[in-house]
Structure formats: structure tokens, C-alpha cells
Amino acid sequence: LSASRNPAARRWPELAELAGTARAEAAAFSAEHRETLEWYRAEIQTGIREALSTLGRDVDQLSGGNPLCRQLLDQTVEYIDWMQWTLWDLPTFAVAFGTDLTRFRKRVAACGFVYLSFRVIDDMLDRHYLYRGRRPTLLKTFTSSHGQGHDSEGLTVLASLLLSFDGMARLVSEVDAGDEVAAAGMRRLVASARQVLVGAILERSDESDWSLAFYERLVARKNVDYWRMLNAALDPDETSPLHPFLIDYYGLAQRLNDIQDHSADEARGQPNLVTITRRQLAVESCSRGFDEPAPTAMQAVEEVVRRDFMRLGERFAVLRGRERGAASVKFMESLSEARRLGLFADLDSRAPVATATLPKLDLVWDSTAEEFLERLGPDALEDVACSVCGGDDLHLLFRKRGFALRRCRVCTHIFVTPRTRAEVLARLSDELDGHGEDPYLDIQRIHAEHLCQVLRRVARGPRFLDVGFGHGYLLHLAQAYGFEAYGVESSLERVHRLGPVFGRRLARASIGRDRLPWGSFDVIAMSHVLEHLSEPRAALKEAREALADDGLLYIAVPDMDSAQFRVFGKRWDVISPVAHLQYFTSASLTRLLGTCGFEVLTRVEHPEPSPIATGATELFRRIGGNESGELGLLARVAPDAGGTS
Ligand SMILES: [Zn+2]
């Protein structure tokens, strides 16, 4: 019945049906066991507090009341007491298993300590100073009270080890008191802890080793085994019928967590489901036909998560009694989390909100990868292969503002990947049009005179096109040198500004996307344009189409062979990963020109170093650097590529 009216039931019929069943059973389970769940929760709180206070007393005694030990323990106690909410899944399972309350308290305090100690270590490994951007972590607390250096990290490790061994000692004493489950728990705890440590190493793998298979293993080793440490308190032999469900449930929980943390992981270069899926799609798109629409990364991730839910549904279907009730609660919690993250948007037949106009981005050219992702979601970024040779054997040079700059091992070209998607950049350009000027536009003014002299000597005719004319310095001078000067710009504001002077010889166009107007030119200049483009190859082919067969092309871009880049690296002002996507060397630009039907004639050296002095460039001048940092090449249409292709 609902299938015909509910859009979600059309898109996700099985999931909608599953949710209907689970919702009713989860509500019944929670209502029936509300009181018992509260008892177990109270036992967690009591158990952890008792254990923390015993640990504090023991350390005080062992250290002879040492002030550092006391301070450290106070800070640890406060953090762990707060962190105990991460154990609050346990009451649901304890109800399912009918665990004895007192034994529950003791075992949870023991296994919980080991589990929480790993969270403390994780904060340190990931340099987490704030939990979810709010609560200071133990690492942060230690850093504030013991300095920035290795001391705070060392103390964090020591506090974590202390918690871990204290937890194990607690479990051993339960074994000694005759708790058989605790003995099995000890074995499970040690085995899982060892597996989690392997996972923590895996997580630090070089990104060239990331794949979907790697990701699955990482989730199993790290996140699922993490929970198994805690589950050692309840079902250490893992014989409960609920166990297979929970293994899948914790795998899914991590995938949802990845969606939540994607922007931060992306900016830090840590493996994440969304990142790895997006890369996989980029690889697959090479072999995809033109007619097949490519799914976005989020659509692909949504499909992964949908399959997870379906598998959970199968596990759920074979359960009975309280175990089935506990599973339905966890199923519904995951589903609400998925919905909160924006997945399965019309599951309750709430139509997605249609917006007539796109909202303002409120981002700038200096915004970070994280800001783009937070503002626009995972599909704000795209992974690309080398724009010059198409290669994907890349070497990570560095990250700036969360964006990775990589060098192609085949052709030396440097470029940003993953990068801001072209549609997003187009929106940003429109939004920022006329607001704030690019200081590098002034380079065009400084070099214009010399460039016109060179071009006047070698050009075969007067028709001149300036692609990306900026403030129009080159247009004005070219006209003074006798050229018929035309210009295109992607900025409407700049087209309007020069309109009174050049009239109909100006047009708004983005090279590579729009066809260049006015037909055959003798000279085309592209000064500081190519580094901004998503598709430099398409732009050069477009330029080739607009040139006469004996036409000339002048290209200027920042020079990645320059001393300034070698000296300043990522601090060089030119390195601006949203505005500048392409970073050429002389070799890579020559190669690209060659494959687009051009032959390089000469490098145009500008006699005057640029007087533009901002940040790193100013420092470079002061220490005597006099190169322009610019790569200017003059090329002609290659003779054998003559005629139109
Ligand atoms: Zn390449």
C-alpha cells in the first residue's frame, strides 16, 4: 500500500519495510526494559567511578604523594569519567544477555578501562585536542599544564598504559574470585587489543596503499575489534546469536562515522570511506561509456550504506526474543544517524527541499578544504589524473589549507588533487567577481611592454587576442603597438569596466568551456590563465582552433623550476590551491603544448624582476633574489598540425 504513495518506498522499498518492522520492535523493547536499562547504566557509572578512585589512591600511595602523579591522575579521572558515555551501548546488550548486575559492574570497569585507554592513545596519535570540537582531550589538558613538547605526548601514553594495566589487573582479580566469564574476557581483551594496534598502524599507511579492500580491513581491525574489547565484558566467547549482527553493526557505525568526519579526515590526509570511494569512482570513470551517468561519491557511499543496512536486516531476521529487541534498537539508532547525515533523504516521504537559487557559498579563494566540505558536502571535491599526460602515478609534495599538491612522476607536472570541483569554482568566481583583486594581475602590467616588443617582431599579422585580460594592461599596450586587440575574460565585472574603451572587441568567455569568438587570430596571449583552469588541455585546443595556421601563442604561468619555489615551497604566495590548480615546470608545459598542436619557439625572459612584493616574494627580493618566478613560453602552431584537426 505505502509503496505507491511513498517516494522512499519506491527508491528503497526493502529498507522502508525493514525500518517499519524494526521501529515497532525497538519501541516495544525500550518500553519494556526501560527500568532495567537504567540499572545497568547506573552500574557503569558506579563501576567506573569506584575504579578511578581506587586507581587514584593506589598511585598516590605508590608515588609517595608525588604532586605530578596526583595532578596527572586528577586530570585522567576527570576525562575518563566524562568519556564513560562511550560505554552506553552496553546496557542494551546486557539486557539481551541477562547479565548479573554486580558482575556487569566489575567486568565493565575492567574492560572499560582498557577500551578507554585506547581512546586516549587514539587522541594522541590523531593529534585530537578537542573532542568533536568541544571537550578538551586528555592530550590537550596535559599540553596546557605540561608544555607543548614531547612531555605532554609522553605523559598521555603513560596515563593510557596505566589505565590499560589497571583494567587488566581488575579482570584478573575477577578471575581469581571465580568469574569464568572474566577468564574468557581476559583472553578476548588481549587478543582484540593486539588486533586494534595493528589497525592503528594500518591507519597510518601511505595513501597509495588505500583501496576499498584496505578500508574494509581497517574497519575490521580497528573499529570492530575496538568494540570487541568492550564486548569482552559481556560475551567474550562470542557465542551469542546477536554476535554476527553486532559485528556488522559496528562496521556500519564506522562507515557512518566516516561520513560525519570526512572533511577533517580529508584535510589531515587520513583514510576515509568517502575519500576512498571518490578515488575509486575517478578510476572507474576512465573505463565508463559516455552514456552512463557517473554516480557522485555520496551516491556511491549511500549505496554502500544501504547494502550494510540490508545485511543487518538479514542478521536481524533470524534473531528471537530480547536479542531481537536489542538488535532492533541498534538498527534504528543507525538509521537515524544515517538520516541525520543526509542519507535516504525521502525515506519518510518528506520530499527533498527544492531551492530555486543556489545559496551563497560564503567562501573565498583562501578557504580550506575542510571549509568547502563542511559547506557543500563530500562532492565539493574531485580526484583527477595528471592534466598534462593523464598519468596517475603521483607523489605527494605537501598539503596547504587541507589540499594536497602532487607531482606526476611521468611528466613532472604539479597539480591539486583532490581539488575543488569545477562547478563549485565557477560559482565561487561569480560570487567573488569584482570583490578583491588578484595581486598577480599586476604581473601582466610589468611584463606587457617587453612582451609587446617581442610579439611585434615575430607576429605574422595584427589580429591579437588576450585571453584573461584582467585589468587590460596588455590590451592597451598591444593596441599602442599596432595590434587589433581583442580580449576575453571570465569576469563580467572586468568586461564591463573596459567596455567603454574596447567595446565589441571584448567578450565574457571561459576558455576551454566557451568557444572563442571572432575567428582566426595571429597572436593569442594567455598570461596567468592556465594555472587557474581545471582543463588546461581543452583551453589550449580551443586556442589552437582560434589561431591562424601560422599563429603564435604566448603562455605565462608561475614557474615550478624557480628558485622561489625551491626556497619557499608551500609558503610561496603562488601556491594557492583553490585559485591555482595547475603548477607547470618548463618540461611539463612544453609537453602539454606539444600534444595540443604547438611547437615551443623560445622562452621569453623578462628583463625586469616583478616589483610585486607580498609575503614570501618580498623576503626573496630582500635576500637578493631577482628572478621573476614566471615561466613565459612563445609557441607557434606546429607545421605538421597545420590545417584544422
Ligand atoms: Zn603527468
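The values are calculated or read from the model by the stated rules, or taken from the named source; none is laboratory data. Quantities reported herein were computed from a predicted structural model and do not represent experimental measurements. With ideal geometry, Cβ positions are generated from the backbone for all residues, glycine too; neighbour counts draw on all protein chains shown. Protein only, heavy atoms only, side chains kept; ligands, DNA and RNA dropped before computing areas. Shrake-Rupley method; radii C 1.70, N 1.55, O 1.52, S 1.80 Å.
Extension gain, ALA24 to GLU238: 0.36 nm times the residue separation minus the Cα-Cα distance gives 74.3 nm. Along the axis of the charge dipole computed for the chain (Cβ charges of +1 for Lys and Arg, -1 for Asp and Glu, origin at the Cα centre), the listed residues LEU335, LEU212, PRO418 are led at the positive end by PRO418. With a simple spin-label model that places each label point 7 Å from the Cα along the Cα-to-Cβ direction, the separation between THR86 and ARG460 comes to 7.0 nm.
Shape index of the stretch 120-279: Rg/Rh, with Rg the Cα radius of gyration and Rh the Kirkwood radius from the inverse mean 1/r over Cα pairs, equals 1.00.
Is the chain best put as rounded, prolate or oblate by its Cα gyration tensor, with a ≥ b ≥ c the root eigenvalues, rounded for a/c under 1.5, and otherwise prolate when a/b is larger than b/c, oblate when not? In terms of gyration-tensor shape, prolate. Rounded to the nearest 20, the size of the Cβ-charge dipole of the chain about its Cα centre is 320 debye, with Lys and Arg at +1 and Asp and Glu at -1. Using Cα atoms only, what is the angle between the long axis of helix 150-176 and the major principal axis of the chain, expressed in degrees (0 to 90) to the nearest 10? Between the helix axis and the principal axis of the chain, the angle is about 30 degrees.
With the full set of protein chains in place, find how many percent of the accessible area of the chain is carbon and sulfur; take the probe as 1.4 Å. It is 52 percent, rounded to a whole number. FRET efficiency for the pair GLU599 and GLU333, taken as 1/(1 + (r/R0)^6) with r the Cβ-Cβ distance and R0 = 60 Å, rounds to 0.40. Applying 0.36 nm per residue to the separation of ASP379 and GLU203 and subtracting their alpha-carbon distance, the gain on full extension is 61.0 nm. Taking the average, over residues, of other Cβ atoms within 10 Å as the packing measure, peptides 549-562, 105-118 rank 105-118, 549-562 from highest down. Beta bridges from DSSP with both residues in the chain: antiparallel share about 60 percent, rounded to the nearest 5. Report the local net charge at GLY482: Lys and Arg +1, Asp and Glu -1, summed over other residues whose C-beta lies under 13 Å from its C-beta. Once all neighbours under 13 Å are counted, the net charge is +1.
Neighbours of THR143, meaning other residues whose beta-carbon lies under 12 angstrom from its beta-carbon, give a summed charge of -1 when Lys and Arg score +1 and Asp and Glu score -1.
Summarised as an ellipsoid, the stretch 28-120 has semi-axes of 30, 12, 10 Å, derived from the eigenvalues of the Cα gyration tensor scaled by 5 and square-rooted, with the largest first. From helices alone, the chain scores -17500 deg cm²/dmol at 222 nm; the rule is -39500 (n - 2.57) for each run of n ≥ 4 DSSP H residues, then divide by the residue total. Distance between the modelled labels on ALA538 and GLN71, one decimal in nanometres: 6.0 nm (7 Å Cα→Cβ projection). Rounded, prolate or oblate: pick one for the stretch 137-225, where a ≥ b ≥ c are the square roots of the eigenvalues of its C-alpha gyration tensor, a/c under 1.5 means rounded, and failing that, prolate if a/b is larger than b/c, else oblate. Oblate, because a/c is 1.5 or more while a/b does not exceed b/c. Per residue, the accessible area of the chain comes to 45 Å², computed with a 1.4 Å probe over protein heavy atoms only. Along each principal axis, taking the top coordinate minus the bottom one, the Cα set of the stretch 443-593 gives 42, 32, 28 Å in descending order.
Rounded to 0.05, the FRET efficiency of the ALA317 and ARG217 pair, given R0 = 25 Å and the Cβ-Cβ distance, is 0.35. The length gained on full extension between ARG127 and GLU78, counted as 0.36 nm times the residue separation minus their Cα-Cα distance, comes to 15.7 nm.
Angle of helix 422-432 to the longest C-alpha principal axis of the chain, folded into 0 to 90 degrees and rounded to 10: 70°. Give the residue from GLN280, HIS33, VAL388 lying farthest towards the positive end of the charge dipole for the chain; charges sit on Cβ (+1 for Lys and Arg, -1 for Asp and Glu) and the dipole is referred to the Cα centre. So the residue we want is VAL388.
Label-to-label distance for VAL157 and GLU303 is 4.4 nm, based on points extended 7 Å past Cα in the beta-carbon direction.
For LYS541, a cut-off of 19 angstrom between C-alpha atoms picks up no lysines at all, skipping any fewer than 8 places away in its own chain. Axis of helix 442-458 versus longest Cα principal axis of the chain: the two differ by about 40°, to the nearest ten degrees.
Taking R0 as 51 Å, what FRET efficiency do you get between ASP100 and SER429 from their Cβ-Cβ distance, rounded to the nearest 0.05? Result of the calculation: an efficiency of 0.20.
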